[in-house]
1. Among the residues of the stretch 83-100, how many are open to solvent by less than 80 Å² (accessible area, probe 1.4 Å) and more than 14 Å from the ligand (Cβ to nearest atom)?
2. Here are Lys121, Lys111, Lys72: which of them is away from the ligand (no atom under 13 Å from the Cβ) and closer than 28 Å to Asp37 by Cβ?
3. Restricting attention to the stretch 1-19, which residues are outside any loop (DSSP other than H, G, I, E, B) and open to solvent by 100 Å² or more (accessible area, probe 1.4 Å)?
4. Any idea which residue in the stretch 114-133 is most open to solvent (accessible area, probe 1.4 Å), counting only those that are under 17 Å from Leu98 (Cβ atoms) and in contact with a helix residue (DSSP H, G or I) (Cβ under 7 Å, 6 or more places away or on another chain)?
5. Checking the condition touching a residue at least 12 places away in the same chain (Cβ under 8 Å) and assigned by TED's automatic domain parsing to the domain that holds Ala57, which residue from Ile90, Ile100 passes?
6. Within the stretch 42-65, does at least one residue satisfy the condition of being away from the ligand (no atom under 15 Å from the Cβ) and in contact with a Phe, Trp or Tyr (Cβ under 8 Å, 6 or more places away or on another chain)?
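The values are calculated or read from the model by the stated rules, or taken from the named source; none is laboratory data. Source: prediction; values computed, not measured. Here Cβ is always computed from backbone atoms with ideal geometry, including for glycine, and neighbour counts include all displayed protein chains. SASA here: full protein model, heavy atoms, side chains in, ligands and nucleic acids out. Shrake-Rupley method; radii C 1.70, N 1.55, O 1.52, S 1.80 Å.
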Amino acid sequence: MKKLHRFGVSLDSELLKKFDELIKEKKYTNRSKAIADLIRQEFVKEQWTKGGKIAGAITLVYDHHKRELVDKLMDIQHDFQKAIVSTQHIHLDHDNCLEIIAVRGNSPEIKKLADTLKAMKGVKHSTLSVTAS
Ligand code: NI
């Protein structure tokens, strides 16, 4: 485990009160973990906007009766095979498939992949969540 450092933070009481309410809502048990997560989030955001290396997951829900869509989604994934670590396919119900695509690479490429998949007709829902790799 990495060495922990303590440091003091000065905040006006109003902001601190709001912060404590927020972290309580988010089920944090202490301020340190909440602050560390906020800092990490900023690093992820910076990596994302700078075009740096990120890792994450794209989720897709789509109609599996649309055969041409299934083929197209597969073609797109082959075009981006360097960015795709793995794909998990779940047969959600009679009509719908859920796909979870683990991705790793530079943010512009990951964004392009996520946007291309999302834009396909028949994709009902799509999300992209990222972290810094
Ligand atoms: Ni399926």
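1. Final tally of qualifying residues: 3.
2. Details: Lys121 fails: closer than 28 Å to Asp37 by Cβ; Lys72 fails: closer than 28 Å to Asp37 by Cβ.
The match here is Lys111.
3. Glu14, Lys17, Lys18, listed by residue number.
4. If we take residues in the stretch 114-133 being under 17 Å from Leu98 (Cβ atoms) and in contact with a helix residue (DSSP H, G or I) (Cβ under 7 Å, 6 or more places away or on another chain), then Leu128 is most open to solvent (accessible area, probe 1.4 Å).
5. After ruling out the rest, the residue left standing is Ile100.
6. Yes: one or more hits.
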